[in-house]
Structures are given as C-alpha cells and as structure tokens.
Amino acid sequence: MSKKSMAVYPGSYDPLTNGHIDIIQRGLKIFDKIIVAVLKNPAKTYLFDLDERVRMLRAVFKEQDKIEIDHFEGLLVDYVKRRNITTIVRGLRAISDFEIEFQMALMNRKIEPRIETIFFVPSESYSFLSSKLVKEVYMLGGEVRSMVPLLVDRKLKKKFRRG
Ligand code: ADP
C-alpha cells in the first residue's frame, strides 16, 4: 500500500481567514493530509496567542481527519524534519508575496535540500485578503464577515469588545 502523502502548511494564522482555508482545500486535492502548523515566534506580537490560534483552527476543522492542527517554535525546517515530511505548502497571493516566499523557499532548501515548497494560488476573491487586513478592518469597526469563518468573526468581535 502506498504511503500517505502529507504536507505541512505553516503560518501565523492570526487569525485564520477564508484565504487560508482555500489553500488547505486546494492542498487536499494533491495530498492525503495537510498539517496546519501554527508558528509561535517569540519576537512577534500576535492579536491571538498561540493557544487561541490553535483552538480556533481545531474548532473550524473538527471532524476533518485529513487536516491536522499542530504548532511549532523555531526553524520550520527542523519542525518539518521532526515530522518526517518533505513538502511545505504556501499560498501565493499577489506579486507582493512572491519575493519573500521565493527567498524563504530557497533558504529552506539550502538548509535541508530534501525539502520542496509547493505554492497554491487562491481564488481571486481571496487574493487581496490577509490576516493583517482583517485585523485592521475590525479594529476600525468594520465588518469582514465573508472573509473569515463564523467562529473567527465571533472571536474578533470579542477581542475588540463588540460581541
Ligand atoms: P505568515 O506569517 O507566515 O505570512 P500567514 O498566516 O499570514 O503566515 O500565512 C500563511 C501562508 O498562507 C502564507 O503562505 C501566505 O502567503 C498564505 N496566505 C495567507 N492569506 C492568504 C490568502 N488570502 N490567499 C492565499 N494564501 C494566503
């Protein structure tokens, strides 16, 4: 029997958006399982702490056994190796993503030559969407209900005391 194909989709997910979900769904057309790996970077300030981000993802993807939620700290390459996986999934939105993603993919490959990075392009309707933009809109009192899952929308409203 062939071994199940798995890929790691790393990111901050602060918070999860429908753009991330679009990429996960596309990834599942190719891989049997996607491990969504939430990054904890001690140098970064997040709106939602690691526990909140992981819990939101687990709630949104509960009962979906092709999606696993995990978290990591430190080098992505070390995490991927520890999990015995050789493929990283990332999303490519606009030109602006390209340069940084290109650098990261090459750096990761330099550190660990067995690792490949695969990019998926989201639906056009999500190509402008980012966690950062979502936070900014909520902070300013706006609504982006169609851009995030219901549970994330509720958490955002709570965070900004509008719930
Ligand atoms: P990071 O802090 O690593 O950028 P993010 O959580 O913002 O983490 O994003 C993780 C990955 O998902 C990145 O590859 C990013 O390009 C991709 N991504 C984020 N938002 C979208 C979107 N709307 N459409 C497609 N890909 C996206």
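The values are calculated or read from the model by the stated rules, or taken from the named source; none is laboratory data. The shown structure was predicted, so the numbers you read here are calculated from the model rather than taken from an experiment. All Cβ positions, glycine included, derive from the backbone under ideal geometry; neighbour counts span all protein chains shown.
Quick check: is even one residue across segment 49-57 within 14 Å of the ligand (Cβ to nearest atom) and touching a Leu at 6+ places or on another chain (Cβ under 7 Å)? Checked against the condition, which is being within 14 Å of the ligand (Cβ to nearest atom) and touching a Leu at 6+ places or on another chain (Cβ under 7 Å), segment 49-57 yields at least one hit. Is it the case that some residue within segment 80-93 is within 14 Å of the ligand (Cβ to nearest atom), under 17 Å from the mean Cα position of the chain (by Cα) and over 20 Å from LYS33 (Cβ atoms)? Yes, the conditions are met somewhere in segment 80-93. Across segment 130-157, the qualifying residues are those that are modelled with pLDDT of 95 or more and assigned to a loop (DSSP other than H, G, I, E, B), and the one among them that is surrounded by the most Cβ atoms within 10 Å (Cβ to Cβ) is VAL148.
Among residues of segment 136-147 that are under 13 Å from PRO15 (Cα atoms), those with a beta-carbon under 8 Å from a residue that is hydroxyl-bearing (Ser, Thr, Tyr) and not in a helix (DSSP H, G or I) at least six positions away or on a different chain give the pairs MET147/THR17. Is segment 94-114 home to any residue that is surrounded by 13 or more Cβ atoms within 10 Å (Cβ to Cβ), within 16 Å of the chain's Cα centre (by Cα) and touching a residue at least 60 places away in the same chain (Cβ under 8 Å)? The answer is no, given that none of the residues of segment 94-114 is surrounded by 13 or more Cβ atoms within 10 Å (Cβ to Cβ), within 16 Å of the chain's Cα centre (by Cα) and touching a residue at least 60 places away in the same chain (Cβ under 8 Å). The set of residues in segment 39-56 that are free of Cβ contacts under 8 Å to residues at least 40 places away in the same chain, outside any loop (DSSP other than H, G, I, E, B) and out of contact with any strand residue (DSSP E or B) (no Cβ under 8 Å at 6 or more places or on another chain) comprises ASP51, ARG55. If you go through segment 5-38 and keep only what is touching a strand residue (DSSP E or B) at 6+ places or on another chain (Cβ under 6 Å) and either within 8 Å of the ligand (Cβ to nearest atom) or modelled with pLDDT under 95 (or both), you end up with TYR9, PRO10, SER12, TYR13, ILE23. How many of the residues in segment 57-93 are assigned to a helix (DSSP H, G or I), over 24 Å from ARG154 (Cβ atoms) and without any contact (Cβ under 8 Å) to a residue 40 or more places away in the chain? Total satisfying the criteria: 4.
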